[in-house]
Amino acid sequence: MTTVRAAQTAAATDWRTVIRIGLLGGFVALYLCLVGIVEVFQPRALVANFITLGETSMVLAAVAPVFLVLRGKQIKPRRAVAIGAVVGAITGAFPAALVIISASINLRAMFLHASPVTTEVLTFGLGVAGVWVPIVGLAAVGALTALLLTAPASIQRPVTDALLALLLIGLFAGLLRPPLLASTVTAGLGRLLLADNGMTVIGAIVTVLVVVGGRIGIRRIGMRSRVDTLPPERKRVVRPVSLVALVLLVLWLPHGVGPFFAQVVAVVALYVLMGLGLNITLGLAGLLDLGFVAFFAVGAYTVGLLTSTAEYGIAQWPFWAAVPFAVIIAMMFGAFFGLPILGIRGDYLAIATLGFGEIIRILAGSDLLKPWLGGPQGIINIPKPIEVSPDNWLAGPVQIYYIALVAAVIVALVAIRLRASRIGRAWIAIREDEDVAEALGINLVQTKLLAYMIGAAFAGLGGAIFAGLLGSIFASSVTLFVSINVASLIIIGGMGSIPGVVVGAIFLIGIPEAFREFSEYRFLFYGIALIAMMRFRPEGLLPSKIIRRDLHAMHEELEANGLDEEQAPAGAAG
Amino acid sequence: MALLEVTKITKRFGGLNAVRELSFSVEPGAIVSVIGPNGAGKTTFFNCIAGFYRPEEGQIVFDGTTIKGLRRDQIAHLGISRTYQNIRLFANMTALENIMVGEHHRLHGTWLGAILNTAKVRAEELANADEARRLLEFVGLKGKGDVLADKLPYGAQRRLEIGRALANQPKLLLLDEPTAGMNPAETAQMTAFIRSLRDELGITILLIEHQMRVVMGISERITVLDYGEKIAEGTAREIQTNAKVIEAYLGTGGAAEVPDLPDDRRPETSPSVS
């Protein structure tokens, strides 16, 4: 008797969770409608004439809660499908309610995007008569998601991969099309698979077939294990070959992706450079510097002043003569700013450096310095680093890409060398325990100042290259967001990790630049990405081993301490 | 001439005199202990010597130099190294790197040299790592160089911390409860190890201890603190029979002999440095 009641209670609480998470999904769906993501993303297709990004956003709003409900649970498929359908229907009920309400009341005074267009998307063009569409549609999506989640791994894996591949290729169709069309050999293939907007239906089918087939093929052949079981001398061949392929891909990139994306990859490379620079200050010495833009500005304005052939130029030097000065002056500013804040620790340091960044930004745009820096009009006519004719292969952003890439490699090398040196050890010691480090004979003033100066030098180099990229420098280019971008990309990528910086820059700089038509939502996605990262993967996408261990060891340690509290060494006392 | 000469230092925290008019000296080559009940001011006294606190009054002279008011790194340069009551290793560095940080100020590699990876820097790094490995072996951690410090067992962490302090080539080593949290066998091992530091390396040792047995076994002189003041000083035998000491440890009317106190892990009452 009691067991039956217990089972009923368990089932009841289970449904309560289902409804709660369904409501959560509903709020997210409603939010996506009201902020206009559905409407603005509607013109962009994922698969041409089949599904748009606006519709995709609604589908994802139903998939995510179903995933949350069913994650890690052993439930019979029939029950799981029922749960999925309920969650989907509850999620869909919110947009449906929006359809009804916006038909009778004009919400647009407050919610600009509660528009007929949104209604049309939500009801497949049926208007109020189609109010059932989001409910039934998302219930179906929920049920299918549940079916997929309860399917055996041999089906689940390939289908999930295929769907992810569809999403990625559909999103980046615009990026993939130009290189395919550029060559006559691949142009036909490109037209067959990719439409002007998203991919073609054939492309989608091919993608699914390739991914599923590839998945099964890999399992059959066991590619990975084959590489693993290769004799060592053969393995030594595999590594350099894949490395060379990677290097060639990186070198080819700006030519392949067309002029617009060449600019994007150049900016990404620039941020990789700055991310690596900040990684020395933040990743090694643990000094959270949010005023990075100050040194970026110093570098950019130094190059501007020394090279510009227009009004505010003072020397009309060639670009390359000015770069070393930009770096050295940025470094001097690093020392100058570093001195007063040496004694400040942790969060307080972040606030203080934030202040420095703002001071420089405001000074750059101020009337006070207008006679020298040009105020909001800035400095124009900064020469290109390499002067070539417009049809040369090095023209435009392509040369900036290569310059930033070379600079990034140098910074990475410097970072690696310093990490392995006496100075690098002193930085890490300071990060770990400042008091103990000093008691071991490390001069905190010198060592911290050096970390600031080297970080500042690379920010200055970034600024100098940026000035060369734009050919001009304005006060509006040196905003707080430069600092925030650089700090965020390190956090997203994984602190202290060089590949992490590259991934972070692609993720935070490259993707938003590539989707400039949705730039309104840039910071919405930023926020979501940062919150999700901190919640689910605080060590970053590609963390350095140590930090990953650090964050994940905490749970184990807590448990271990609970067991042998008696013998555990004294905690943080003293 | 004494290696360390402390003259009437007073350290206050608000109205509390954590250390009051304390005079104290250590002869070169000695092993000297400071004992006292919890909150007696032992760690505060250590922190004054190592430059973590600056005493309001009094004078501290080490090896002919006044060190009161110097920065911690300057004091380390003069030849004072220390360990901590609650082990403070650099948890995310390997055992070897921890020791190499200790060697920091004896090296000369500059940042530019490191970036350019000059032959001189490379040679220095190699010699440095070799010496660190020797020290690791000396503290009984041979082959553990690549283990992250906080993955080492507790006793090994204690020894690594001493190894890191030794990397500085100190004249005076301050050990803050080196046997805290150890069982009798480990304690005996650590006691022998401390004695070997003096006998083999000739380092003068100043020791804070809670466990009487450790102190009695190895110290030539013992100073007893209570409420920040020195209440007794002398050899182990003299201290054991001193009425004031017995009173401080056991209260009035205590037993005639001071027993081994349980290793009470209650933190010191002095506020933390950070």
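Taken together, the values in this text are just the output of simple stated rules run on the coordinates, not laboratory data. All of these numbers come straight from a predicted model, not from anything done at the bench. As a convention, Cβ positions derive from the backbone with ideal geometry for all residues, glycine included, and neighbour counts pool all protein chains shown.
What the phi angles of region A:52-61 give under the Karplus curve with 6.51, -1.76 and 1.60, with θ = phi - 60°, is a coupling list of 9, 5, x, 5, 4, 4, 5, 4, 5, 4 Hz, glycine and proline written as x.
Could you give the length gained on full extension between residue A:446 and residue A:76, defined as 0.36 nm per residue of separation minus the Cα-Cα distance, in nm? Don't jump to the answer; show the numbers that get you there.
Values: separation 370, 0.36 × 370 = 133.20 nm, distance 6.43 nm.
Length difference between fully extended and current span is 126.8 nm.
What angle, in degrees between 0 and 90 and rounded to the nearest 10, separates the Cα long axis of helix A:258-278 from the longest principal axis of the Cα atoms of chain A? The two axes meet at around 70 degrees. In terms of other Cβ atoms within 10 Å, A:123, A:91 run from fewest to most in the order A:123, A:91. Remark: A:104, A:421 ranked as A:104, A:421, counting other beta-carbon atoms within 10 Å and listing the fewest first. With contributions of -39500 (n - 2.57) from each DSSP H run of at least four residues, the per-residue ellipticity at 222 nm computed over chain B stands at -10500 deg cm²/dmol.
Shape of region A:91-225 from its Cα gyration tensor (a ≥ b ≥ c, root eigenvalues): rounded if a/c is under 1.5, otherwise prolate when a/b > b/c, or oblate?
Numbers: a/c = 3.49, a/b = 1.58, b/c = 2.21.
It is oblate, given that a/c is not under 1.5 and a/b is not larger than b/c.
The alpha carbons of region B:1-148 occupy a box of 53, 33, 29 Å along the principal axes, longest dimension given first.
Per the Debye formula on identical point scatterers at the alpha carbon atoms of region B:142-209, with no solvent, log10 I(q)/I(0) at q = 0.11, 0.21, 0.25 Å⁻¹ is -0.26, -0.96, -1.26. Scanning residues 5 or more positions from residue A:46 or on other chains, those with amide H under 5 Å from its amide H are A:51, A:52, A:53, with H placed 1.01 Å from N in the peptide plane.
Once you mark the trypsin sites (Lys or Arg not before Pro) that are in a DSSP loop and have at most 16 other Cβ atoms within 10 Å, what is the longest gap between them in chain A? Kindly include the intermediate steps, with their values, before the conclusion.
Values: sites that count: A:71, A:73, A:108, A:345.
Of all site-free stretches, the longest is A:109-344.
Backbone amide hydrogens, once placed in the peptide plane, bring residue B:207 within less than 5 Å of B:32, B:33, B:34, B:175, excluding anything fewer than 5 places away on its chain. With only the Cα atoms considered, region B:103-196 has a convex hull volume of 117 Å³ per residue.
Taking K and R as +1 and D and E as -1, what net charge do the other residues with C-beta under 12 Å from the C-beta of residue A:164 add up to?
Numbers: positive: A:157, A:215; negative: A:161.
After counting each charged neighbour, the total is +1.
Placing pseudo-labels 7 Å out from each Cα toward the beta carbon at residue B:199 and residue A:129 gives an inter-label distance of 10.2 nm.
A cut-off under 15 angstrom between Cβ atoms defines the neighbours of residue A:202, and their net charge, with Lys, Arg +1 and Asp, Glu -1, is +1. Summarised in one figure, the compactness ratio Rg/Rh of region A:451-504, Cα atoms and Kirkwood Rh, is 1.01. With a 10 Å cut-off around each Cβ of A:439-451, the average count of Cβ atoms from other chains is 6. Calculate how steeply helix A:173-182 sits against the longest principal axis of the alpha-carbon atoms of chain A, using the helix alpha-carbon long axis, and give the answer as 0 to 90 degrees to the nearest 10. Orientation of helix A:173-182: about 70 degrees from the principal axis. Ordering B:227, A:271 from the fewest to the most neighbouring beta carbons within 10 Å gives B:227, A:271.
Can you figure out the FRET efficiency of residue B:241 with residue B:146, using R₀ = 41 Å and their beta-carbon distance, to the nearest 0.05? Provide the component values of the computation, followed by the final result.
Values: r = 50 Å, r/R0 = 1.22.
That pair, residue B:241 with residue B:146, gives E of 0.25.
Using only the alpha carbons of region A:35-119, what is the convex hull's orientation-averaged projected area in square nanometres? Let's see the in-between values first.
Working: hull surface 27.0 nm².
Projected over every direction and averaged, the Cα hull of region A:35-119 covers 6.7 nm².
Legend: translational diffusion of the protein assembly as shown by Stokes-Einstein, Rh = Kirkwood radius over C-alpha pairs, 37 °C, 0.692 mPa s; D = 103 µm²/s.
Proximity of backbone amide H atoms, modeled 1.01 Å from N, is registered between residue B:229 and B:20 at under 5 Å, excluding neighbours fewer than 5 places apart on the same chain. Helical runs assigned H by DSSP (4 residues or longer) give chain A a calculated mean residue ellipticity at 222 nm of -23500 deg cm²/dmol, each run adding -39500 (n - 2.57) before division by the residue total. What the phi angles of region B:172-181 give under the Karplus curve with 6.51, -1.76 and 1.60, with θ = phi - 60°, is a coupling list of 10, 10, 9, 10, 9, 6, x, 10, 4, x Hz, glycine and proline written as x. For chain B, just say rounded, prolate or oblate: build the C-alpha gyration tensor, square-root its eigenvalues into a ≥ b ≥ c, call rounded for a/c under 1.5, and beyond that prolate if a/b exceeds b/c, oblate if not. Taking the square roots of the gyration eigenvalues as a ≥ b ≥ c, chain B is prolate.
Within chain A, what's the longest run with no GluC sites (Glu not before Pro) in a DSSP loop and at most 16 other beta-carbon atoms within 10 Å? Give the range, please. Can you show the working numbers first?
Details: sites that count: A:311, A:387, A:565, A:566.
Counting at most 16 other Cβ atoms within 10 Å as exposed, the longest clean stretch of chain A is A:1-310.
In order along region B:75-91, phi translates into HN-Hα couplings of 5, 4, 4, 6, x, 10, 10, 9, 10, 10, 4, 9, 2, 10, 7, 7, 4 Hz, rounded to whole numbers, per the Karplus curve 6.51 cos²θ - 1.76 cosθ + 1.60 with θ = phi - 60° and x for Gly and Pro. Across all Cα atoms of region A:309-392, the radius of gyration (one decimal) and Dmax (whole number) stand at 16.9, 53 Å.
Beyond 27 Å in Cα-Cα separation lie the following of the pairs A:448/B:42; B:8/B:244; B:11/B:171; B:42/B:144; B:68/B:171; B:171/B:230: A:448/B:42; B:42/B:144.
A Förster distance of 22 Å, applied to the separation of the beta-carbon atoms of residue A:23 and residue A:107, puts the FRET efficiency at 0.60.
Based on the Cβ-Cβ distance from residue A:367 to residue A:185, what FRET efficiency comes out when R0 is 51 Å, to the nearest 0.05? Intermediate results must be reported in sequence, preceding the final value.
Details: r = 58 Å, r/R0 = 1.14.
Computed FRET efficiency for residue A:367 and residue A:185 comes out at 0.30.
Comparing Cα centroids, region B:181-224 and region A:108-147 end up 77 angstrom apart.
In units of the compact-protein estimate 2.2 N^0.38 Å, region A:236-300 shows a Cα radius of gyration of 1.52.
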